[in-house]
Amino acid sequence: MVFGGSNPFPMAKVPHHSPLLQLQNHLSLQRPASIRVWSDFLRVHLHPRSICMIQKYNHNGEAGRLEAFGQGESVLKEPKYQEELEDRLHFYVEECDYLQGFQILCDLHDGFSGEAQRNIYRLLNTAFGLVHLTAHSSLVCPLSLGGSLGLRPEPPVNFPYLHYDATLPFHCSAILATALDTVTVPYRLCSSPVSMVHLADMLSFCGKKVVTAGAIIPFPLAPGQSLPDSLMQFGGATPWTPLSACGEPSGTRCFAQSVVLRGIDRACHTSQLTLGTPPPSALHACTTGEEVLAQYLQQQQPGVMSSSHLLLTPCRVAPPYPHLFSSCSPPGMVLDGSPKGAAVESVPVFGALCSSSSLHQTLEALARDLTKLDLRRWASFMDAGVEHDDVAELLQELQSLAQCYQDGDSLVD
């Protein structure tokens, strides 16, 4: 599985209950305004075999930057780096008790985790990245709080119950890490019957190797409410905020989905109706939280292949996680039992991976934007060995991938 995004976030070796647990107790004394990325808080020692340094490119400055897709390809073709990466991979694989596969986090924009760059380079790298990743992986999920993967800028996504600064990678990466930590639960829990291969196969049938992500952060459950009460408040709308820069999911068709709800107390899983009181909905008649969630998904997307997981453990958001929540957010809901005004340490999260028809329009738009470019104007790509024939082949691959997500496609070949 490959998850790609424009912001760095710490997921290597992070347990399922906290996206930022490895940074706990290392809170920096820096002012929030000076914090740019999660690594500003990094005070743990990384294993020397977990790092592969590439010395030929600069992080700062206009010259010698790792900014074009072909540059990364050329690095991997050098025997020195190829052997070094294989050696590190073998080291960690041999330590595994049960190897399911590889979850790779990579940047689709440039080699330095989405630093400021020209939109043309971002577009080309994203397009090349998606096509090549789908050819060599089981599943690809772009992650971004931006509104679009293409040339045309869109405003960042809005979360109803949290406040964040979209210009700060520190904020954006924390949100994406929270979502990723949640949606990957099915194959990271020892108690889960779902493996990485099973999840990828379910979501990527019929060539649909690109999926979208979405989440509600935090999940709104007011005091005295049950899970059926809260789910009914969403009505027929798709509840989660999109996190893949592929447009709003409303009005699109879902082909398959994997959903995780975490952090809801077991006592709230079902409706506690007085004996003899008729249930106000089918959800209120369910006897377990798992049944409530499965019934809700069936109502929202009838006939869609769905996998659902209910996890009691909330998502930890204690420092150095940025202060994005108030203790009473959403209105009327006290998060993690904290008194009013206290710092929030954990939140419930509702996350999903979905194979959706929205990707048809997204991939087609990428292809249209590429047809408008004259590659000769962008020296880094030409110098890295990318030719006009490569772009022509890229366009064809993008259009073929987009056809997999047309509304008319059936669920079965």
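The values are calculated or read from the model by the stated rules, or taken from the named source; none is laboratory data. Note that this is a predicted model, so its numbers are computed, not measured. All Cβ positions, glycine included, derive from the backbone under ideal geometry; neighbour counts span all protein chains shown. These accessible areas exclude ligands, DNA and RNA; they are computed on the full protein's heavy atoms, side chains included. Shrake-Rupley method; radii C 1.70, N 1.55, O 1.52, S 1.80 Å.
A few points about this structure:
- Checklist (1) open to solvent by less than 30 Å² (accessible area, probe 1.4 Å); (2) under 17 Å from the mean Cα position of the chain (by Cα); (3) among the hydrophobic types (A, V, I, L, M, F, W, C) applied to LEU227, failing item: (2)
- Criterion applied to GLY101, GLY146, GLY150, GLY129 was being open to solvent by less than 60 Å² (accessible area, probe 1.4 Å) and modelled with pLDDT under 85, and the one residue passing it is GLY150.
- Residue check, PHE159 in contact with a Ser or Thr (Cβ under 9 Å, 6 or more places away or on another chain) and open to solvent by 80 Å² or more (accessible area, probe 1.4 Å): no
- Among the residues listed as ALA179, ALA174, ALA135, the single one being part of a helix (DSSP H, G or I) and at pLDDT 95 or above: ALA179
- Only listed residue being surrounded by fewer than 16 Cβ atoms within 10 Å (Cβ to Cβ) and modelled with pLDDT of 90 or more, chosen from ALA294, ALA282, ALA256: ALA282
- For region 307-316, a residue qualifies if it is assigned to a strand (DSSP E or B) and open to solvent by less than 50 Å² (accessible area, probe 1.4 Å), and the qualifying residues are SER307, SER308, HIS309, LEU310, LEU311, CYS315.
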